[in-house]
Amino acid sequence: MVLVLAETQKGQFKKAAYELTYYGHQTAQALGTECAALVLGTAEGAEELGKYGASEVYHINDTALDTFDSQAYTKVIAAAAEKAGANVVIVGHTSTGKSLLGRLAVRMNAGSVPAVNAVPTLEGGTFKVRKPVFSGKAFADYEVKSDNKVLSLMGNSLQPQEVGQAASVETLDVEVPAAQVTVKEVKRMEGRTPLPEAELVVSAGRGMKGPENWGIIEELAETMGATTACSRPVADADWRPHHEHVGQTGVAIRPNLYFAIGISGAIQHLAGVNSSKTIVVINKDPEAPFFKAADYGVVGDLFDVVPRLNEAMKKFKAEN
Amino acid sequence: MKLLVCVSKTPETTAKIAFTEGNTQFDTSGVQFIMNPYDEWYALVRALELKEANGGSVTIINVGPAANDTVIRKGLAIGADEAVRVDAEPSSALFVAKQIAAYAKKEAFDVVFLGKETIDYNGSEVGAMVAELLDVPFISYASHMDMDGDTATVTRDIEGGNEVVEVKAPFVVSAAKGLAEQRIPNMRGIMMAKRKPLKVEPAVDAEDLSVAVHYELPPEKGDVKLVDPENMDELVRLLHEEAKAI
Ligand SMILES: Cc1cc2nc3c(=O)[nH]c(=O)nc-3n(C[C@H](O)[C@H](O)[C@H](O)COP(=O)(O)OP(=O)(O)OC[C@H]3O[C@@H](n4cnc5c(N)ncnc54)[C@H](O)[C@@H]3O)c2cc1C
């Protein structure tokens with residue numbers, strides 16, 4: 001049995017939970033077994049996970065799990081895996097999942113592979129799975145030798161598809177240990193999709209000249225429903241908040257569409273964004289290295305091109 | 001407070017990524033190595049700041065061969081008091097975590113710091129493993145951290161925001177951008193580092209349960225398609241019809 005941890009935010013499931021369930025379903029198929037989903041704490045609509053391939057949904061409905069403590073979560077998940085007879089546990093490569101994967105590996109005596117982005121294969125009894133390494137500059141295939149296995153799935157690795165029907169939700173009775181960590185406050189930007197999950201990203205660099213010019217970037221992002229990002233010097237200069245910094249030493253992302261505006265395309269920047277499916281570069285320097293990594297390029301002054309692009313996007317949105 | 005900072009050695013960010021032995025080994029020829037930036041810039045510096053404010057000691061630990069001593073000496077030059085190298089090839093995250101946990105347990109450290117991930121394997125696993133092996137709390141992606149006695153208040157980055165938590169030592173914390181400002185070692189630091197203790201410890205037994213067996217480079221990008229800057233309708237059309245990205 002494969003068990004996926006379907007995360008919620010304020011009791012609601014997001015796309016990442018459906019993507020992970022669908023990935024769990026595909027993994028289960030590759031291994032010749034079934035996929036169950038585990039839901040922790042307050043949650044609404046857990047039965048929907050069945051549509052994305054969970055044959056069973058287990059719910060541990062204890063409000064103590066509404067705040068995150070990796071130690072308590074690990075004990076609960078490992079106990080649930082045992083009850084469900086699961087030997088493969090998959091979490092998202094999210095702030096929650098990253099805090100859990102290594103712990104689960106130790107607790108379950110399981111071989112772990114973090115940040116995978118493809119469905120595992122089982123050939124001649126050998127379990128292999130692929131992950132990006134060197135900040136997206138290469139891939140590595142990992143072999144997991146132990147019976148128990150734990151994986152974390154990189155966001156935006158596959159498009160969730162409906163493959164079944166709503167599942168019945170079974171309440172699972174597992175002891176929830178007292179948390180050693182007290183959560184004082186949770187602050188999230190409302191409205192925008194966070195960068196690691198965003199499918200559309202509009203990113204800008206030092207070519208913007210100063211923070212006062214970001215209006216055109218915000219407007220384009222608004223029109224497209226995209227999330228904004230930036231290069232490192234822009235965040236270092238406090239033109240933009242640190243959480244927008246993408247690259248090798250910032251957030252690594254793989255959206256469907258990445259707009260790089262006034263960014264030169266240094267190797268450390270490319271490392272965090274080159275897994276994006278489509279890359280558009282807008283730069284006035286035709287020699288900018290980013291053009292070599294781009295699918296589409298516009299050589300021009302961003303202060304002219306971006307407003308024009310925004311108008312074209314608006315027109316497209318109105319027509320479609 | 002006894003603070004332990006885990007540092008790893010990674011290829012320099014502009015290093016050419018290539019593989020040898022039938023794509024089963026990373027090709028290290030001509031590659032320059034550095035201390036993993038998250039370990040150096042944030043984890044180590046915040047540990048030093050806390051020591052400077054509250055007293056105590058900062059120890060660096062690395063799991064690796066003698067060639068790693070240059071990276072370790074840099075950490076001493078930045079200001080750590082002493083260093084330990086566990087003399088073994090860091091063959092997997094679990095192997096490394098078991099070495100660190102064994103040492104941390106023996107020496108009873110109050111806080112174990114490490115970077116949020118290494119820039120080569122991008123695993124983000126070792127911290128959580130060490131915490132589970134020690135059965136202590138783990139706070140990942142810390143971008144702010146203060147200590148008052150043995151209680152820490154830590155801000156950790158989460159998707160689209162952050163979370164403020166309180167935790168009592170002992171615990172493990174992984175460092176993200178914002179936790180501290182990079183420090184450049186000065187001449188005095190470099191001179192002093194030569195005289196600071198660097199202990200070499202034998203490895204404890206640990207198995208690798210998952211290992212990389214094959215590497216591949218991504219396919220080369222085709223040529224960029226240039227679009228007339230006057231004609232953004234065309235770009236939008238291509239993104240919709242050809243790339244199917246919008
Ligand atoms: C260890 C290390 C880690 C690093 N990690 C990262 C990282 O994670 N992320 C990251 O981004 N960087 C990182 N860097 C920094 C990186 O090397 C580059 O310095 C940085 O990415 C450059 O940012 P930029 O492209 O915004 O600025 P620049 O390199 O200054 O480029 C600005 C670009 O804007 C263009 N431009 C200027 N004016 C206009 C205009 N009017 N219209 C159109 N185009 C215009 C220019 O032609 C130029 O190409 C790292 C560096 C090191 C050493």
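Read-outs: derived from the displayed coordinates by stated rules, not from any lab. None of these values were measured; they are calculated from a predicted model. Methodologically, a virtual Cβ is constructed for each residue, glycine included, from the backbone with ideal geometry; neighbour enumeration extends over all protein chains shown.
Annotations for the structure displayed:
- Whole-number D in µm² s⁻¹ for the stretch A:162-320, Kirkwood Cα-pair radius fed into Stokes-Einstein, 37 °C, 0.692 mPa s: 189 µm²/s
- Sequence of A:TRP214, B:TRP41 once ranked by neighbouring C-beta atoms within 10 Å, starting from the fewest: A:TRP214, B:TRP41
- For the stretch B:1-40, trypsin sites (Lys or Arg not before Pro) meeting the loop criterion (DSSP other than H, G, I, E, B) and having at most 16 other Cβ atoms within 10 Å: B:LYS16.
- Separation of the B:ILE184 and A:ASN61 label points, Cα + 7 Å toward Cβ, nm: 6.0 nm
- The C-alpha atoms of chain A define a longest principal axis, and helix A:215-224 lies at about 50 degrees to it.
- Debye intensity ratio I(q)/I(0), log10, the stretch B:100-197, q values 0.13 Å⁻¹ (C-alpha model): -0.54
- In loop segments of the stretch A:261-304 as defined by DSSP, there are no trypsin sites (Lys or Arg not before Pro) with at most 11 further C-beta atoms inside 10 Å of their C-beta.
- Residues B:THR14, B:THR118, A:THR33, sorted so that the one with the fewest Cβ neighbours within 10 Å comes first: B:THR14, A:THR33, B:THR118
- Loop exposure criterion: GluC sites (Glu not before Pro), DSSP state outside H, G, I, E and B, at most 16 other Cβ atoms within 10 Å. Applied to chain B, the longest stretch between such sites is B:22-180.
- Between B:LYS199 and A:LYS15, the simple spin-label model (points 7 angstrom out along Cα→Cβ) gives 5.1 nm.
- Residue order, fewest to most beta carbons within 10 Å, for A:CYS35, A:CYS230: A:CYS35, A:CYS230
- Within the protein assembly as shown, antiparallel bridges make up roughly 40 percent of the DSSP beta bridges whose residues both belong there.
- Mean projected area of the convex hull spanned by the Cα atoms of the stretch B:47-93, taken over all viewing directions: 3.6 nm².
- The convex hull built on the alpha-carbon positions of chain B has an orientation-averaged projected area of 17.7 nm².
- Radius, Kirkwood style, for the protein assembly as shown when every pair of distinct Cα atoms is counted (Å): 24.4 Å
- With kT/(6 pi eta Rh) evaluated at 37 °C and eta = 0.692 mPa s, and Rh the Kirkwood radius from Cα pairs, the stretch B:1-105 diffuses with a coefficient of 223 µm²/s according to Stokes-Einstein.
- Theoretical FRET efficiency, 1/(1+(r/R0)^6), r = Cβ-Cβ of B:ARG237 and B:SER91, R0 60 Å, to 0.05: 0.70
- Sparsely packed GluC sites (Glu not before Pro) within the stretch A:117-217, loop by DSSP, other Cβ within 10 Å at most 16: A:GLU162, A:GLU175, A:GLU190
- Amide H partners (placed H, <5 Å) of B:ALA203, local residues excluded: B:ASP87
- With helices as the sole contributors, chain B gives -6500 deg cm²/dmol at 222 nm; each DSSP H run of n ≥ 4 counts as -39500 (n - 2.57), and the sum is divided by every residue.
- Mean projected area of the Cα convex hull of the stretch A:2-171, taken over all directions, amounts to 8.9 nm².
- Only helices enter the 222 nm calculation for chain A: every DSSP H run of n ≥ 4 contributes -39,500 (n - 2.57), and dividing by all residues gives -8500 deg cm²/dmol, rounded to 500.
- Reducing the stretch B:162-237 and the stretch A:117-196 to their Cα centroids gives an inter-centroid distance of 20 Å.
- Percent antiparallel among DSSP beta bridges (both partners in chain A, rounded to 5): 20 percent
- Between B:VAL211 and A:ASP304, the distance separating the two model label sites (each 7 Å from Cα on the Cα→Cβ line) works out to 5.9 nm.
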